[in-house]
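A single structure is presented below for examination.
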Amino acid sequence: MKRIIILMGVLVGLLAAEVMWAQTVEGVITYETKIGLHRRLPPERADMKAMIPQFRTSKDNLFFNDHESIFKPLIEDDEEELSSGGGVVMRFNMPNNEFYTNRETSRTISKQEFMGKDYLIEDSVKVSPWKFGTETREILGYACQQAYYTDEVKINRNGEEVTEKREVTAWFTNQLRPFLGPDRFNTLPGAVLAVDINNGERVMVAKKIDPRPLKKNELVMPAKGTKTTQAEFRKMVDEKMKEMRANGGFMIRN
């Protein structure tokens, strides 16, 4: 009789785990992103540190089902007003960028807003060279494991393209469906709930997880915008940044 009771307890536990998985295969995760504005300034504009705040904070939603996801801003206002604390107030236009992933087709579509126009960049899923750490962390009650990698990214500096080292640390949980996460950080065997780029230069952390059926139009593949390639889009942005610097202005890229 005791063995039967234990067996029934195990079966109930397995059933509960299956129900939990079924509940977390669809829903929305809200992330808070904190960007170090001072670290994004080009060296020749270091004097701007006294005029802009050190950090900018924004929120994004990640809507997901069993095979699709879309990461897009939670726009409460089209503009974000930031005060430097020295009496100077600046306004930042919040770009309405979106990143869609379909893991059944291994395709991504990035919608990028630039200078008032939308651009669509279609690509295949790129798997980052993740390594797994031994550290663990709890986020919103979910047990998370550490993963990290180092790569190189190209940026425009003083009108010239240079390569910089980038360090990425992520925390993911297997209590939600795999290959899920903010932006392009969605190629781990679990859901990514936090990302730290270059030790605080850009930090994304989940602030709310809502397992629920999605509403109509919450997860829609981006379709409106000028189709282009990543290389063509980058060239256009770099040329505009070079033009702005030549005229005494500057742009902080996200």
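The values are calculated or read from the model by the stated rules, or taken from the named source; none is laboratory data. Remember, predicted model here, so these are calculated numbers, not experimental data. Don't worry about glycine lacking a Cβ; one is built from the backbone with ideal geometry, like all the others, and counts go over all protein chains shown. Ligands, DNA and RNA are excluded from the accessible area calculation, which covers all protein heavy atoms including side chains. Shrake-Rupley method; radii C 1.70, N 1.55, O 1.52, S 1.80 Å.
Determine whether region 139-157 contains at least one residue that is in a loop (DSSP other than H, G, I, E, B), surrounded by 13 or more Cβ atoms within 10 Å (Cβ to Cβ) and of a type in the set (Ser, Thr, Tyr).
Scanning region 139-157, I find no residue that is in a loop (DSSP other than H, G, I, E, B), surrounded by 13 or more Cβ atoms within 10 Å (Cβ to Cβ) and of a type in the set (Ser, Thr, Tyr), so the answer is no.
Sticking with this one: May I ask you to list the residues in region 182-191 that are among the hydrophobic types (A, V, I, L, M, F, W, C) and closer than 18 Å to Ser58 by Cα?
Once the filter is applied, which keeps residues that are among the hydrophobic types (A, V, I, L, M, F, W, C) and closer than 18 Å to Ser58 by Cα, region 182-191 yields only Phe185.
While we're here: Of the conditions (1) touching a Gly at 6+ places or on another chain (Cβ under 9 Å); (2) at pLDDT below 95; (3) of a type in the set (Gly, Ala, Ser), Ala231 clears all except one; give me its number.
With (1) touching a Gly at 6+ places or on another chain (Cβ under 9 Å); (2) at pLDDT below 95; (3) of a type in the set (Gly, Ala, Ser) applied to Ala231, the lone miss is (1).
Out of curiosity, is Phe63 at negative phi, aromatic (Phe, Trp, Tyr) and at pLDDT 95 or above?
In short, yes.
Filter region 195-208 for residues that are more than 17 Å from Leu74 (Cα to Cα) and aliphatic (A, V, I, L, M); which is surrounded by the fewest Cβ atoms within 10 Å (Cβ to Cβ)?
Ile197
Look through Arg177, Arg166 and report the one residue that is under 21 Å from Asp151 (Cα atoms) and surrounded by 13 or more Cβ atoms within 10 Å (Cβ to Cβ).
Exactly one of Arg177, Arg166 is under 21 Å from Asp151 (Cα atoms) and surrounded by 13 or more Cβ atoms within 10 Å (Cβ to Cβ), namely Arg166.
Going through Glu122, Glu113, Glu135 one at a time, which residue ends up being within 24 Å of Asn96 (Cβ to Cβ) and free of Cβ contacts under 8 Å to residues at least 24 places away in the same chain?
One residue alone meets the criteria, Glu113.
Here's a follow-up. As an exercise: evaluate Asp118 against (1) farther than 30 Å from Val220 by Cβ; (2) in a strand (DSSP E or B); (3) open to solvent by 40 Å² or more (accessible area, probe 1.4 Å) and give the number of the one condition it does not meet.
It fails just one condition, (1).
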